[in-house]
Amino acid sequence: MKLLTCFVCSLFVLSMYTAQSQTNYDESMVPSFEIPDPLLTFNGEKIKSVKEWEKIRRPELLQFFENNVYGKIPKSLKIDSYTILEQDDNALNGKAKRKQVELTFKNNGKTLRYTILIYLPKNNVKNPVFLGYNFYGNHTITEDKAVIISSAWANNNESFGIENNTLTEESRGKRTHRWAVDKILDAGYGLATIYYGEVDPDRNDFSDGVHSLLYQKSQNQPKPAEWGSIAAWSWGMARALDYFEKDHDIDASKVISFGHSRLGKTSLWAGATDQRFAGVISNNSGCGGATLSKRKFGETLAVINERFPHWFCDNFNQYGNNEEALPIDQHQLLSLIAPRPLYVASAEGDQWADPRGEFLSAHYATQVYNLYGKKGIETMEMPKVNEPIHNTVSYHIRTGKHDVTDYDWDNYIKWANVFVK
C-alpha cells in the first residue's frame, strides 16, 4: 500500500512538473482568439442601454458563471445567530476598536461557525470597511495577543509552525505585512477579516465545510453545477455583510470586497453575486479570477482544475485544454460588478497570474462601465510598472512578486477615497 501511495504521489508531482514545464510565458505564443462581447447576448442581440444590460445580458452572464464556472448555491442559508466573543474599545495601544464576532449557521442537523475579526477607527461614526479572507487564521494578520486562534483545519506550513493541520501561537503575526492595519485605520476605514478555512477548508473534501449543511438526503458532494469552494467562500463574505447591516459601528453600504490570489477570485465572485458590495478589489487573482482564460498564459484551466478540483464546479472541467469552447471569459465576470468601483492589481514578478491578461480583462469590461457613464481602462496599452490608472475601474502593476504590499494598500485606499468613501 505504501509503495502504491508513493507511486501515485510521484505521478501527481510528475504531472504538475509537466504542466508547469509546458506553461507559456511568451507573449508571442498566446493563441489568437475572439474576445466574447459583454454587450452581445448569447443569441446575438446587441445591448445598447443600462436597462437592457440589467434585464437581459447581466442575468444570462451571471447564470452561465453560476452553472459552469463557480457553481450555484443550492438554496439560501442565513445566519442562525451571532455572538460577540470579545471586544475592546482600546485595542492596538488605544488606536482602535476591536470586535471578534462569531456567526452560527444550522441546517440538516449540522452547525457551521466562523469568526470575523474587526478593527475600527475610534471615531464614533459608522465606518466604511475593507472585508477580506486570510489564509492562516485571524491571528496571523496582527501581533495583537487578544486575537483568537482558530481551531479549524489548516494547511501545514513549516515556516508558520503549522503541523498536524493545527494553528498555533507560533504563527501569530506571520502575515502582518499583507494587512496594512494602521494605514487602513488612519484613512478612516475599518478592516474585517475571516479565516477562510472556517467556512470551507481548502482541500478536496466537501464533508467538513458549509456544503454539507445544504446537501439533500444521501448527498455527499456538490452536483456538477453546484458550488465549489470559491462560491462557498464568497457566500461567507455575503453573510458577513448581513451581519454588518446589524452593526451600528459599520456603514454596510460602503463595504469593499478584497482578496488576494484564490481569495481574489473569491472577492470578484462575491462582488458579482452580491450587489450590496460597494467596491471590489482583485489582488493577483489570476486564472479563474481577473485574467483572460483564452490567453492560455501562465496558469491554465487544465492546471488549476487538476491542482484544485474543489475550487470550481465540476462543469468547469469541460473547458480544461478547451478554452476556445468557452462562450464567456473573465472580463465578463468583471463586467458583472458594474457600475460599482473595481480595482484589478498585478505584480511584475507574478507571471503565473498573467498580469497582461488581468489588465486586458479590466479593459474589455470597461465598455459595460461606459454604459453607466463611468470611466475605466480605456486603453489597451499597459501602464508602466508602479504607475497606476485610477478610475472607476482601476489597475496597477507593481514591482515584486505574488503578494500584498503597502504599495497595494496605498493605492486601494486612494481609490476608495475617491470612488467609494
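The values are calculated or read from the model by the stated rules, or taken from the named source; none is laboratory data. The shown structure was predicted, so the numbers you read here are calculated from the model rather than taken from an experiment. We place every Cβ from the backbone using ideal geometry, glycine too, and count neighbours over all the protein chains shown.
Here are the numbers for this structure:
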quantity	calculated
Meets criteria (of a type in the set (Asp, Glu), in contact with a Cys (Cβ under 6 Å, 6 or more places away or on another chain) and in the same structural domain as Ser361 (by TED's automatic domain parsing)) for Glu299	yes
Tally of residues being within 24 Å of Pro121 (Cα to Cα) and part of a loop (DSSP other than H, G, I, E, B) across region 136-187	16
Selected residue (only one of Tyr395, Tyr343, Tyr369 is part of a strand (DSSP E or B), touching a Ser or Thr at 6+ places or on another chain (Cβ under 7 Å) and either in contact (Cβ under 8 Å) with a residue 60 or more places away in the chain or under 29 Å from Asp37 (Cβ atoms) (or both))	Tyr343
Residues located in region 42-63, provided they are surrounded by 15 or more Cβ atoms within 10 Å (Cβ to Cβ) and assigned to a loop (DSSP other than H, G, I, E, B)	Ile47
Enumeration of residues in region 18-43 that are modelled with pLDDT of 95 or more and either aliphatic (A, V, I, L, M) or on the phi > 0 side of the Ramachandran plot (or both)	Met29, Val30, Ile35, Leu39, Leu40
Leading residue by the ranking (surrounded by the most Cβ atoms within 10 Å (Cβ to Cβ)) among those in region 403-421 that are outside any helix (DSSP H, G or I) and of a type in the set (A, V, I, L, M)	Val404
For Asn124: the one exception among (1) modelled with pLDDT under 95; (2) in the same structural domain as Trp409 (by TED's automatic domain parsing)	(2)
